[in-house]
Amino acid sequence: MARDDRAGLSVDQARSVVLAGFYALEGRKQEVNDLNVYPVPDGDTGTNLCLTVRSVVDELRAAPDDLGSARLCELISNGALMGARGNSGVILSQMVRGALEPFAAGEPSTTETVVSALRRATDTAYRAVRKPVEGTMLTVIREATEAAESVEMGMAPREFIDAVLEAGWNSVRRTPTLLKVLADAGVVDAGGYGLMVLLEGMARGGGSAPREEAAELARQPAMAVLEESESAYAYCTSFLVEGHALDAATFEQALVPLGDSLLVVGTDSRLKVHIHTDEPGTVLSLATMRGVLREVEIDNMRDQTAAREARLRERETPSPAGRTQVVAVVVGEGMKRLFRSMGAAYLVDGGQSMNPSAEELLRAVEATDCAEVLLLPNNKNIIMAAEQAAKLSTARVMVVPARSMQAGLSAMVAYDPDAGVEQNGDDMTVALESVVTGEVTRAVRDSRVDEVQIKEGEFMGLVDDRVVVSDDDLTLVVATVALHMLDGGQELMTVLVGGGADAPSAAEAVERLRGLYPDLELEVHQGGQPLYPLLLSAE
Amino acid sequence: MKEDPSDVLDRSNTAIVVDSCADLPDEVIADPNLTMVPLKLHFGDDTFRDWVDIRPTEFYVRLRDAERLPTTSQPSAGEFQTEYRRLRERFDHIFSVHLSDRLSGTFSSATLAKEGFAGITVVDSEMASLAVGLLAHRLLALLDRGTTRGEFLAYIDRYRREAGRLFLLDTLEYLQKGGRIGKASSVAGSLLHIKPLLTFSDGIVDTYKKVRGERKAMVAMQEYLLEHTQPGSPVRVCIGHGDSPDRAEELAALIQATDRTIDICLRGEVGAVIGTYAGQGAVALFFIQE
């Protein structure tokens, strides 16, 4: 069959459009999280939308370049459904499914096709929600669609895109007039805002400057309101059910009595379920009767709410954009907060065993829209990718070769947003030279490294990447690591406590150091990083 | 009378006026050629004249217990006028030296007050606290040996350009709450306990360097002095502190350990008005090489 080049979507096209949207959203994720008050102020709308799009990005990366349009649309649709998290993510996945229908049918990439894609996206999303609420991302996609349908035929594509985006942002602006909880909190709807950030990124490319009005819409909500509007239910529960002849409607009916924010969407072989409930166990057993469960996630929303409020309280006074911006690779909520508080403008998720590619780093550098950029890989395995990204970028980029996040933090102390990139790069690199780093982690297998015998499951202590101790006794491991770190007149130790189960006892072991080193300034922060109960630095 | 660069200035004909934000110690305030006009401090409904009604020790105790931060206000033009009138009966020349116009309305009050008087020069030091104190102290030394108006003004200009000025605050909280944070704001939100070394530039507070750890900050202050001086001619040094004499001692020892010709000619404490913005625990280094 002859292929019409204009028909449908190519993998290349899809990759570049989706990536541009993803990076736009990634850059403003925290803003979206902090807007989130509806349906519950759990502060993760931005993260959920990002993870949903991320899943599509991953599918597209793995896809063969010559995939046909219909298969491609199926792949994207599936990626969105698989990755969908939270209410907003699930609704977004339905918009994606609807929007792709015309492209899957092989329609050419024209303005008319985009109009019909928007219409399908709106209808599919509205159908997925049991009781559609106005003043949410549903309203935003609908009003953008209505604007698209009402433009004159034959309008230039550029003007068409402007008109649709304009209508979408206006709709975001009106959300507080439709939904009282938003007006009370003095915010616009987080999902709608996130959707427009995504669409704008897709339409204009990731490197374009964010709209001023967007930033203004993302004003901070009033704290007073947050305290009153917690969800009635404790657990945000989501999962996939795979089986045969699955019926979304009957399963949804069965779940209605168990909670709210309920969404059941998908195909007859795979359903995505999202519910806020006090009985996640009951929900899951109802699901196992219908098929096989995958990607089960249960989050305690009370924790999420607390984390969000803490973040808002800690928020720094926003500093005006300086001459030089920082892009840093960071994992762990506490770590991100620390880096952000020191002025790092763009954070890329990643670290040990999840190294971002040079391309991802490049995109993040370009998203800063700044001519001078400092790039902190914060992991020895990411330094090369960072250097590659620096070479590829049109901005003047200097890589500050931090081999760990804790070293990166020490380098950030020397960061001066008003100075140039070379000056900053030199100062920050010098700062790295006087830092000794330590790590405590669990050994994953028996081995012998650096003259130390290691048994699986033991706590392993490293100083500047060298194993110095391995033992079951965490207190002993921490003390040994400190002994190796503090051998050259260091006076300040910074400890970042991880997010895992070993973290509390590790933090306790650190407190004992105060008795051993009374003159040491010991600063302990919640880093929240995975894999490492403790990351340490001394200077 | 006409002001001419060749006018001879000495202790018989010239007076220096400062405001209380020069944080000069009692022995300098007692100098017959020096007059201090106090700013005011308001704790709730109670008003205190800086350094007159409230001394640093009492102030820091109150600051610790205060539910709300005190506020401060500049002297009125009338208060300056009263002093100018009194001094003009005895002196031909008055130099009124004040803290930065960009940090306080004091300079404006003094400028307004000098209208209608001859022989009064109002100087914006573009600094604050003992940085102004050291300038006044050096000007008195010039009067001791006798000088000319031209030399006097040239010294003030050189001091504004060249004087070393560096201070370390325990927290930026007070500077921020008091709205005097200037360009130092970029480190204010940091969750790590960063100690910024601050300086005055263009009359506002600016970050010189960021370090972590007390000892490192002290060493950075020593390095700063070495970078801004040469061996040889004496370096006139002032060391100040806000309720932290130990840190001041440590800094003095570090400075004296250098190969520069160090003359610590002035030591002082941070008063209540400056302390409102600096908080407890400040340590400051100001100097000028002859």
>> I'm trying to understand the selection: among the residues of region B:267-287, which are over 17 Å from B:LEU39 (Cβ atoms) and either buried (at least 24 other Cβ atoms within 10 Å of the Cβ) or modelled with pLDDT under 95 (or both)?
In response: B:GLY279, B:GLN280, B:GLY281, B:ALA282, B:VAL283, B:ALA284, B:LEU285, B:PHE286, B:PHE287
> Does B:THR106 satisfy being farther than 21 Å from B:PRO25 by Cβ, more than 14 Å from chain A (Cβ to nearest Cβ), of a type in the set (S, T, N, Q) and in contact with a His (Cβ under 8 Å, 6 or more places away or on another chain)?
Replying inline: no
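Results for (1) modelled with pLDDT of 90 or more; (2) over 27 Å from B:ALA217 (Cα atoms); (3) assigned by TED's automatic domain parsing to the domain that holds A:ARG448, shown as yes or no for each residue.
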| site | (1), (2), (3) |
| --- | --- |
| A:THR475 | yes, yes, yes |
| A:ASP502 | no, yes, yes |
| A:GLU511 | no, no, yes |
| A:PRO518 | no, no, yes |
>> For region A:322-340, check the following and say yes or no: at least one residue is out of contact with any Pro (no Cβ under 6 Å at 6 or more places or on another chain) and modelled with pLDDT under 85.
In response: no
>> surrounded by fewer than 18 Cβ atoms within 10 Å (Cβ to Cβ), under 22 Å from A:VAL197 (Cα atoms) and within 27 Å of the chain's Cα centre (by Cα): is that true of A:VAL140 in this structure?
In response: no
> In region B:234-263, what residues are of a type in the set (Ser, Thr, Tyr) and within 12 Å of B:PHE287 (Cβ to Cβ)?
Replying inline: B:THR258, B:THR261
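Counting residues that are touching a residue at least 40 places away in the same chain (Cβ under 8 Å), among the aliphatic types (A, V, I, L, M) and at negative phi, which strands (runs of 3 or more DSSP E) fully inside region B:4-117 reach at least 1?
B:14-19, B:34-37, B:40-43, B:93-98
Residue check: is A:ALA506 in the same structural domain as A:GLY461 (by TED's automatic domain parsing), touching a residue at least 60 places away in the same chain (Cβ under 8 Å) and assigned to a helix (DSSP H, G or I)?
Numbers: in the same structural domain as A:GLY461 (by TED's automatic domain parsing): yes; touching a residue at least 60 places away in the same chain (Cβ under 8 Å): yes; assigned to a helix (DSSP H, G or I): yes.
Yes.
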> Of the conditions (1) touching a helix residue (DSSP H, G or I) at 6+ places or on another chain (Cβ under 6 Å); (2) crowded, with 21+ Cβ neighbours inside 10 Å, B:LEU112 fails just one. Which one is it?
Replying inline: (2)
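If you check A:SER447, A:SER470, which single one turns out to be among the small types (Gly, Ala, Ser), more than 26 Å from A:GLN490 (Cβ to Cβ) and in the same structural domain as A:LEU486 (by TED's automatic domain parsing)? Spell out the reasoning first.
Working: A:SER470 fails: more than 26 Å from A:GLN490 (Cβ to Cβ).
The match here is A:SER447.
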>> Being more than 14 Å from chain B (Cβ to nearest Cβ), assigned to a loop (DSSP other than H, G, I, E, B) and under 22 Å from A:LEU376 (Cα atoms) is true for just one of A:ALA419, A:ALA402, A:ALA501. Which residue is that?
In response: A:ALA402
> So which residues in region A:266-276 are at pLDDT below 85 and in a strand (DSSP E or B)?
Replying inline: A:GLY266
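Do we find a residue being farther than 25 Å from B:VAL8 by Cβ, of a type outside the set (S, T, N, Q) and either under 13 Å from the mean Cα position of the chain (by Cα) or crowded, with 23+ Cβ neighbours inside 10 Å (or both) anywhere in region B:133-152? Quick ask: steps written out before the conclusion?
Going through region B:133-152, the residues farther than 25 Å from B:VAL8 by Cβ turn out to be B:133.
Now restrict to residues that are of a type outside the set (S, T, N, Q): B:133.
Filter again for either under 13 Å from the mean Cα position of the chain (by Cα) or crowded, with 23+ Cβ neighbours inside 10 Å (or both), leaving B:133.
Checking region B:133-152: at least one residue is farther than 25 Å from B:VAL8 by Cβ, of a type outside the set (S, T, N, Q) and either under 13 Å from the mean Cα position of the chain (by Cα) or crowded, with 23+ Cβ neighbours inside 10 Å (or both).
If you take the residues in region B:210-241 that are over 30 Å from B:ASP26 (Cβ atoms) and part of a strand (DSSP E or B), which one is farthest from the other protein chains (Cβ to nearest Cβ)? If you could, list the steps in order and put the result at the bottom.
First, pick out the residues of region B:210-241 that are over 30 Å from B:ASP26 (Cβ atoms): B:210-213, B:215-216, B:219-220, B:223, B:226-227, B:230-232.
Then drop every residue that is not part of a strand (DSSP E or B), which leaves B:210-211.
On the way: B:LYS210: 5, B:VAL211: 7 Å.
Checked region B:210-241; the qualifying residue farthest from the other protein chains (Cβ to nearest Cβ) is B:VAL211.
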> What is the one condition in (1) of a type in the set (D, E, K, R); (2) within 14 Å of another protein chain (Cβ to nearest Cβ); (3) buried (at least 22 other Cβ atoms within 10 Å of the Cβ) that B:ASP206 does not satisfy?
Replying inline: (3)
> Are any residues in region A:107-141 out of contact with any helix residue (DSSP H, G or I) (no Cβ under 6 Å at 6 or more places or on another chain), assigned to a loop (DSSP other than H, G, I, E, B) and not β-branched (Val, Ile, Thr), and if so, which ones?
Replying inline: A:SER109, A:ARG130, A:LYS131
> Going through region A:509-525 one residue at a time, which ones are touching a Ser or Thr at 6+ places or on another chain (Cβ under 9 Å) and more than 13 Å from chain B (Cβ to nearest Cβ)?
Replying inline: A:ALA509, A:ARG512
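The values are calculated or read from the model by the stated rules, or taken from the named source; none is laboratory data. Just so we're clear, the structure is a prediction, and the values are computed from it rather than from any experiment. Glycine gets a Cβ as well: all are built from the backbone with ideal geometry, and neighbour counts include every protein chain shown.
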